[in-house]
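*Asks:* Sending over a structure as structure tokens; questions will come in a sec.
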Amino acid sequence: MKIKSIKTLLAGLLVSSVLCSGIANATVITGSFTGTDAGEGLDFQGLFDYAVNVRGPGGITIGDANFTDDNAAGVSIFAANNILNWHNASYGASADDDGLETVMRSIRWSNAGTDVVRVDLANLVIGNDYSLQLLFAENCCSRGFDVSVEGQQIVDDFAPSVQQGGIGVNSVGAFVRFDFTATDETLNIAMGGSAAGFPDNNPIINGLTLENTTQVPEPTSLAILGLGLLGLGLRKRR
């Protein structure tokens, strides 16, 4: 078992609520991760509608998430540039850690500007709850950019190197997690803008997951509800 410093796991953690026109009940978290195990920053357990290795190959399984390449059905990514061998991550020796290292190896990126890296994820179910994870690894620069969802900024001046504890730190990655209730069938994500204090405003992205976190009633609960409705019906008939 890998032993990680609590300071590393919680460094730069930020939780806030946001209000967007195309989403509801939204909460955003920014922080760092050190691998794939529980308690190391990321969540790979659940029902994933999407798990995308940006620019890199598909066929990678991490926990319950089956990663595809970024040409998968329902995924649209716009970015002017890409780098296949961007980052040499090193999170651990497990198969899941090896898979995450592959996901973090490549990026798509664009020169500075407003919403110059865009991601659209289709086929969401209106009213369902979702958890989005955007994954980043900084291997170059003192970089900062904004992150928006449905045209509403959710993170101002996001800096992967700050979350990682430095540029080119191979054992730590950065993430933005966004929990929300869908009010639109397509989730629109955009990165760009300017970030004061960071000389490089070119946005990047390494990978992402979208988990459907809607709670489905257990069979026992459904049975109890059904019996209750039946009882009300019989009482009304009497």
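The values are calculated or read from the model by the stated rules, or taken from the named source; none is laboratory data. What you see is a predicted model, and the numbers here were worked out from it, not measured in a lab. Here the Cβ is made from the backbone with ideal geometry for all residues, glycine too, and neighbour counts use every protein chain on show. Accessible surface is based on the protein model in full, side chains and every heavy atom, while ligands, DNA and RNA are left aside. Shrake-Rupley method; radii C 1.70, N 1.55, O 1.52, S 1.80 Å.
*Asks:* Being more than 23 Å from residue 94 (Cβ to Cβ) and either surrounded by 21 or more Cβ atoms within 10 Å (Cβ to Cβ) or aromatic (Phe, Trp, Tyr) (or both) is the filter here; which residues of the range 165-181 pass it?
*Replies:* Result: 176, 178, 180.
*Asks:* Further question on the same structure: Please go through the range 66-81 and give me each residue that is of a type outside the set (Val, Ile, Thr) and either within 15 Å of residue 117 (Cα to Cα) or assigned to a loop (DSSP other than H, G, I, E, B) (or both), ordered by number.
*Replies:* Result: 70, 71, 72, 73, 74, 76, 78, 79, 80, 81.
*Asks:* A further question on this structure: So is residue 76 closer than 20 Å to residue 176 by Cβ, hydroxyl-bearing (Ser, Thr, Tyr), surrounded by fewer than 17 Cβ atoms within 10 Å (Cβ to Cβ) and out of contact with any Cys (no Cβ under 6 Å at 6 or more places or on another chain) or not?
*Replies:* Yes.
*Asks:* I've got another one for you. Could you check the range 128-154 and list, in sequence order, the residues that are open to solvent by less than 10 Å² (accessible area, probe 1.4 Å) and under 15 Å from the mean Cα position of the chain (by Cα)?
*Replies:* Those that are open to solvent by less than 10 Å² (accessible area, probe 1.4 Å) and under 15 Å from the mean Cα position of the chain (by Cα): 130, 132, 133, 134, 135, 136, 137, 147, 149.
*Asks:* Would you check which residues across the range 140-191 are of a type in the set (Asp, Glu) and without any contact (Cβ under 8 Å) to a residue 40 or more places away in the chain and list them?
*Replies:* 156
*Asks:* Being modelled with pLDDT under 95, hydrophobic (A, V, I, L, M, F, W, C) and surrounded by fewer than 23 Cβ atoms within 10 Å (Cβ to Cβ) narrows it down to one residue among 159, 196; which is it?
*Replies:* 196
*Asks:* Being touching a residue at least 60 places away in the same chain (Cβ under 8 Å) and open to solvent by 70 Å² or more (accessible area, probe 1.4 Å): is that true of residue 47 here?
*Replies:* yes
*Asks:* Would you check if there is a residue in the range 53-64 being exposed (fewer than 15 other Cβ atoms within 10 Å of the Cβ), modelled with pLDDT of 95 or more and within 20 Å of residue 158 (Cβ to Cβ)?
*Replies:* Scanning the range 53-64, I find no residue that is exposed (fewer than 15 other Cβ atoms within 10 Å of the Cβ), modelled with pLDDT of 95 or more and within 20 Å of residue 158 (Cβ to Cβ), so the answer is no.
*Asks:* Filter the range 82-127 down to the residues that are open to solvent by 60 Å² or more (accessible area, probe 1.4 Å), part of a helix (DSSP H, G or I) and either of a type in the set (A, V, I, L, M, F, W, C) or farther than 23 Å from residue 34 by Cβ (or both) and list them by number.
*Replies:* Correct list: 95 only.
*Asks:* As an exercise: evaluate residue 43 against (1) in contact with a helix residue (DSSP H, G or I) (Cβ under 8 Å, 6 or more places away or on another chain); (2) outside any strand (DSSP E or B); (3) not small (Gly, Ala, Ser) and give the number of the one condition it does not meet.
*Replies:* With (1) in contact with a helix residue (DSSP H, G or I) (Cβ under 8 Å, 6 or more places away or on another chain); (2) outside any strand (DSSP E or B); (3) not small (Gly, Ala, Ser) applied to residue 43, the lone miss is (1).
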